[in-house]
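Colleague: If you scroll down you'll find the structure; I have some questions about it.
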Amino acid sequence: MLLEQEGLVEMRARRRPRVAESTWPEVQEIYQVRQNLLALGARLFVQHAADDEIGEVGRRVTELRRMADAGQVDAYFWAHVDVQEFIMQIAGNSILKQILDSLALRTLVLRHRSLSQPGRLRESVEDQERMYRAYVDRDPDLAAALMAGSTLSALRAIERSHLERAPGA
């Protein structure tokens with residue numbers, strides 16, 4: 001019932017539950033919200049993170065680079081999810097994290113599909129490297145702007161994937 005309430009599962013009379021599919025307008029709206037919430041999270045991370053926590057992000061981004069260079073989409077995807085999870089924990093806003101976790105569940109499949117697009121791993125890891133430099137420089141405005149831009153890039157990749165999968169495309 002909770003999954004249905006979250007919009008993740010559809011329950012139909014006398015039928016088995018199935019994973020709910022988001023419409024393209026819903027995906028766009030989710031990403032509009034995610035863009036701003038992730039930007040807030042990046043800003044809060046810069047404000048709250050200790051030097052060793054920023055260093056941990058650097059270590060993880062280096063690992064993302066290795067996975068991207070090797071073309072390891074699945075490993076990169078889950079490591080990227082872990083990086084975002086770590087950043088949002090350090091950001092220190094539990095409500096923000098709860099909302100982002102709910103939105104993440106709605107977009108996991110789409111996010112994975114977007115990383116499978118040609119050139120997308122490279123773009124994603126370059127975004128992560130730029131954000132890491134903003135964290136090191138303790139620049140919350142730049143970190144927020146880069147996070148928002150990265151989220152929009154992901155949406156564009158999802159849109160390309162969506163158009164390729166559409167009938168008659």
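Colleague: Quick check on my filter: what residues within the range 44-55 are within 18 Å of Met147 (Cβ to Cβ) and loosely packed, with under 15 Cβ neighbours inside 10 Å?
Modeller: Start the filter on the range 44-55 by keeping residues that are within 18 Å of Met147 (Cβ to Cβ), which leaves 44-49, 53-54.
Answer for the range 44-55, where residues must be within 18 Å of Met147 (Cβ to Cβ) and loosely packed, with under 15 Cβ neighbours inside 10 Å: Gln47, His48.
Colleague: Quick one: what pairs do we get from the range 119-131, first residue touching a residue at least 40 places away in the same chain (Cβ under 8 Å), second open to solvent by 10 Å² or more (accessible area, probe 1.4 Å) and among the polar types (S, T, N, Q), C-beta under 8 Å, 6+ apart or different chains?
Modeller: What qualifies is Ser124/Ser150; Ser124/Ser153; Gln128/Ser150; Met131/Ser150.
Colleague: Continuing with the same structure: Would you call Gly41 closer than 14 Å to Ala134 by Cα and surrounded by fewer than 20 Cβ atoms within 10 Å (Cβ to Cβ)? Even if it seems obvious, please write down each step before you answer.
Modeller: On the way: closer than 14 Å to Ala134 by Cα: yes; surrounded by fewer than 20 Cβ atoms within 10 Å (Cβ to Cβ): no.
Considered against the rule, which asks whether it is closer than 14 Å to Ala134 by Cα and surrounded by fewer than 20 Cβ atoms within 10 Å (Cβ to Cβ), Gly41 comes out as no.
Colleague: Which residue, of Glu26, Glu4, is touching a Pro at 6+ places or on another chain (Cβ under 8 Å), modelled with pLDDT under 90 and assigned to a helix (DSSP H, G or I)? Spell out the reasoning first.
Modeller: Numbers: Glu26 fails: touching a Pro at 6+ places or on another chain (Cβ under 8 Å).
Criteria check complete, one pass: Glu4.
The values are calculated or read from the model by the stated rules, or taken from the named source; none is laboratory data. Keep in mind that what you see is a predicted model, and the values were worked out from it rather than measured. No Cβ is skipped: glycine too gets one built from the backbone with ideal geometry, and neighbour counts run over all protein chains shown. What goes into the accessible areas is simple: the full protein's heavy atoms, side chains included, and nothing from ligands, DNA or RNA. Shrake-Rupley method; radii C 1.70, N 1.55, O 1.52, S 1.80 Å.
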